[in-house]
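Following: one structure in structure tokens, then a few remarks.
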Amino acid sequence: MRNETQASIGLDKLVFSCSSTVNDNFDEAVKYDSKLTLEPQLTFGNTTLTQTMDMSHRYKYSYSVDFNNKKMGQIDFEQFGFSWKDRIRFSLDNTVFYNNTQCYLPDVMNDLNLKIENYTNIDIAIDSYNFNSEQVLRRNLKNKENQVRIFHEIIRDRTKTIDNITYFNKGSLNNSFKVRSVSIKDKKETKEYFVYDKLEEIDYSDKSYILEFHKTKNPDLKNIYRGEIRLNYDAIKYYENEVIKKLITLDDLLYKEFLYSMFTYHLKTIISIKNANKKEIQLVPCPILMSLEGI
């Protein structure tokens, strides 16, 4: 399994809340200086902010963020209806996880005088060209010889509807199950394990850069099978406080060893399957763990 063409791991989503490390930072200046409010573009060191729009309409001010002309993401601040309006939301652009620009994020934070207060969303993905995580999960859930544990509860009644699991499928008139996905999430939706055909998703989404990224690793690729752990604030905060007992840093998120440890910990809390011999079944491939390498 430890082969570059077998599997890779990396972030696929990162959203966090941050605050200013100095008084009268750019966000305060924008809010109270009418001239800056009308300025379409602001520059701080190597970082440029360009006015844009929050598509959710939850924030009064929104700017796209570029570092040395490389798109990094979007910041939003002054959230409507909240008393703590000093917080700034930073959402990374999905491309940074596939073009080796994630490493510039600390420089951006320094240019903007920002520090992270907490993480809102962290998605970690394991992609493989020959290990179909969805198929492995589905078949082992169906195998009556296996012991299935979901969120620490062993499922003893195989006829019972399990609310935590959602099966998705689509396809042709001849085969309605041609494309399948499985989602397992807790009732509060703080964490989710989602397995699906990434190549099929790339085909209809505007994410050709992900396909190009994988082609550099495996030019003859025919499949991209994805297993994804999606974490929200509560799950992340618990992991920091109770598991690793430290705050997650941006440097941590560059290291594949750290991401893999975080992925496997949460996967086991969500779903674990043992065969008739009580041996744990491997649900995802082991990715190559070379730090500071693109996904």
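What follows is calculated from the coordinates using simple rules that are stated; it is not laboratory data. Fair warning: this is a prediction, and the values are worked out from it, not measured in the lab. All Cβ positions, even for glycine, are placed from backbone atoms using ideal geometry, and neighbour counts span all protein chains on display.
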For LYS245 and LYS279, extending 7 Å from Cα along the Cα-Cβ vector and measuring point to point gives, in nm, a value of 3.5
Virtual spin-label span in nm between LYS70 and SER205, 7 Å along Cα→Cβ: 2.2
From the Cα gyration tensor of segment 22-112, with a ≥ b ≥ c the square roots of its eigenvalues, which class applies: rounded if a/c is under 1.5, or else prolate if a/b is larger than b/c, or else oblate? prolate
Shape of segment 124-274, Cα gyration tensor, a/c cut at 1.5: oblate
Under the rule rounded for a/c under 1.5, else prolate if a/b exceeds b/c, else oblate, using alpha carbon gyration tensor axes a ≥ b ≥ c, segment 69-206 is classed as prolate
What is the calculated FRET efficiency for LYS115 to GLN135, with r their C-beta to C-beta distance and R₀ = 51 Å, to the nearest 0.05? 0.75
Charged-residue dipole, Cβ positions (Lys, Arg, Asp, Glu), the chain about Cα centre, Debye nearest 20: 1660
Hey, if you put +1 on the Cβ of every Lys and Arg and -1 on every Asp and Glu Cβ in segment 2-102, which of VAL22, PHE80, THR48 ends up farthest toward the positive end of that dipole? PHE80
Simple label model, 7 Å out from Cα along Cβ direction - LYS222 to SER34, nm: 6.6
For each of THR216, THR52, count neighbouring Cβ atoms within 10 Å of the residue's Cβ, then give the residues from fewest to most. THR216, THR52
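Place a +1 charge on the Cβ of each Lys and Arg in segment 158-295 and a -1 charge on the Cβ of each Asp and Glu, then give the dipole magnitude about the Cα centre in debye, rounded to the nearest 20. Write out the running numbers ahead of the final one.
Numbers: 24 positive and 20 negative charges, 147 e Å.
Using only the charged Cβ atoms, the result is roughly 700 debye.
Arrange MET53, MET262 by Cβ neighbour counts within 10 Å, fewest through most, would you? Please report the intermediate quantities before stating the final value.
Numbers: MET53 12, MET262 22.
Arranged by neighbour count, lowest to highest, MET53, MET262 become MET53, MET262.
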Setting aside same-chain residues fewer than 8 positions from LYS191, which aspartates and glutamates have a Cα under 12 Å from its Cα? ASP123, GLU228, ASP234
Take the alpha carbon atoms of segment 1-65, find their center, do the same for segment 99-149, and report the distance between the two centers in whole angstrom. 21
